[in-house]
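Colleague: Before we start, here is the structure in question, set down as structure tokens.
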Amino acid sequence: MAVKKSPKSPFLNQDIVSFDQLSPTLIKKIFSKVPRMRTISQNAKSSDMLKGKIVVLLFYEPSSRTFASFSAAVKQLGGQTVEIIDPTNFSSISKGETFEDTIRTFEAYSDLIVLRHPEKRAAKKAAEAAKFVPIINAGDGVGEHPTQALLDLYTIYEKFGRLDNLTGVMAGDILNDRTIHSLIRGLSLFKNNTLYLLSPKKLRLSSSDMSEFTKRKIELIEIYDYKDMPKNADFWYWTRVQKERFKTKKEYEKVKNKFVLTPELIQEYASLKTIFMHPLRRVGEIDEEVDRDRRAVYLASQIRNGMYVRMALVALVLGGIK
Ligand code: CP
């Protein structure tokens, strides 16, 4: 069984619960492994980098991309997964077991736990409960989604060859979208980045997040109308309004799809170099016509990079690579 927080490496057996744990050097280290992971994935033979390792995927909230890409990532590297979907109904939690005891139980059977949970800071709580195996945050409520931000940053890096001096538009549910919160943290590690945050006023960043982010070296400009979008953005990062975070359906209906990514919007505000990103799933905030635009990466490299980046991260955390 592993011992957490080995001094031997910045990744070996480390919990990854917030993007704030990563520095530009560590991000570049993960990125340096991605081409090798792509090659492994594209070869017919799987690697044995994670031979003998077992990863528990403990998902309290629905997921397609994060769940499947972690599952495929472990298998591509020769490891195995124990997959627990909806543990609230299908594990001993349904009989009253505590979250902490659940984590302690699954750590006894595994080398790593990947956790998705509806509560902010649940991954931190799990990391405190787990004594022997690391925890990777696969999305904690409205908190963070650090591995999504890693794949988003990689997608930007792959396209532009840099993570500084970028201008981006983030649109949709700025208040609740954890992928936005982690991506802002990520981009704030690099110099001279500017983000336009386009949302209904009700879905702007919380005042606590805004005051936290404005301490960092990133310029955030809140806008509430398409007409204030810059015409020189390197990327647009669209998101869905998160129905599950609203108290009533009526409140959700008032703000859903206020901002829709359409060919007309692209014509008016995008440049030839702008890429169009979305963490997915989408529920009407992107016109499907946009899928055919060669600048749309959300159904292409952004999805594939998810698996390669997670392969690199899991291999580093479990010591399959240095
Ligand atoms: N981007 C993302 O987190 O997608 P899933 O909810 O499908 O994992």
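Colleague: Among rounded, prolate and oblate, which fits the range 163-322 when a ≥ b ≥ c are the square roots of the eigenvalues of its C-alpha gyration tensor, a/c under 1.5 means rounded, and a/b larger than b/c means prolate?
Modeller: rounded
Colleague: Under 14 Å Cα to Cα from Lys273, which aspartates and glutamates show up? Leave out anything in the same chain fewer than 8 places away.
Modeller: The reachable aspartates and glutamates, counting only those whose Cα sits under 14 Å from Lys273, are Glu158, Asp234, Asp293.
Colleague: Further, regarding this structure: Ignoring ligands, DNA and RNA, what percent of the 1.4 Å accessible area of the chain is carbon and sulfur?
Modeller: Here it works out to 50 percent.
Colleague: Let me ask something additional. What relative contact order, as a whole-number percentage, does the range 175-322 give when Cα pairs under 8 Å and 6 or more residues apart are counted?
Modeller: The value is 21 percent.
Colleague: Given the rule -39500 (n - 2.57) for each run of at least 4 DSSP H residues, summed and divided by the residues of the chain, what is its mean residue ellipticity at 222 nm, to the nearest 500 deg cm²/dmol?
Modeller: -11000 deg cm²/dmol
Colleague: What relative contact order, as a whole-number percentage, does the range 118-223 give when Cα pairs under 8 Å and 6 or more residues apart are counted?
Modeller: 23 percent
Colleague: Under the classification rounded if a/c is under 1.5, otherwise prolate if a/b is larger than b/c and oblate if not, where does the range 45-178 fall, given a ≥ b ≥ c as square roots of the Cα gyration tensor eigenvalues?
Modeller: Verdict is oblate for the range 45-178.
Colleague: May I ask you to derive the relative contact order of the chain, considering only C-alpha pairs under 8 Å and at least 6 residues apart, and to give it as an integer percent?
Modeller: 20 percent
Colleague: DSSP loop trypsin sites (Lys or Arg not before Pro) in the range 132-179 with at most 13 other Cβ atoms within 10 Å of their Cβ, which ones?
Modeller: Taking the range 132-179 and a limit of 13 other Cβ atoms within 10 Å, the loop trypsin sites (Lys or Arg not before Pro) found are Arg162.
Colleague: On to the next question. Can you work out the accessible area per residue across the chain, with the rest of the protein chains kept in place, probe 1.4 Å, in square angstrom?
Modeller: With all protein chains present, the chain gives 44 Å² per residue.
Colleague: May I ask you to list the GluC sites (Glu not before Pro) in the range 84-158 that are in a DSSP loop and have at most 14 other Cβ atoms within 10 Å of their Cβ?
Modeller: Glu97, Glu119
Colleague: Can you report the principal axis dimensions of the chain using only the alpha carbons, biggest first, rounded to whole angstrom?
Modeller: 56, 43, 38
The values are calculated or read from the model by the stated rules, or taken from the named source; none is laboratory data. These numbers were taken from a predicted model, which means no experiment stands behind them. Neighbour counts run over all protein chains shown; Cβ positions are idealised from the backbone, glycine included. Heads up: the accessible areas ignore ligands, DNA and RNA and are worked out on the full protein's heavy atoms, side chains in. Shrake-Rupley method; radii C 1.70, N 1.55, O 1.52, S 1.80 Å.
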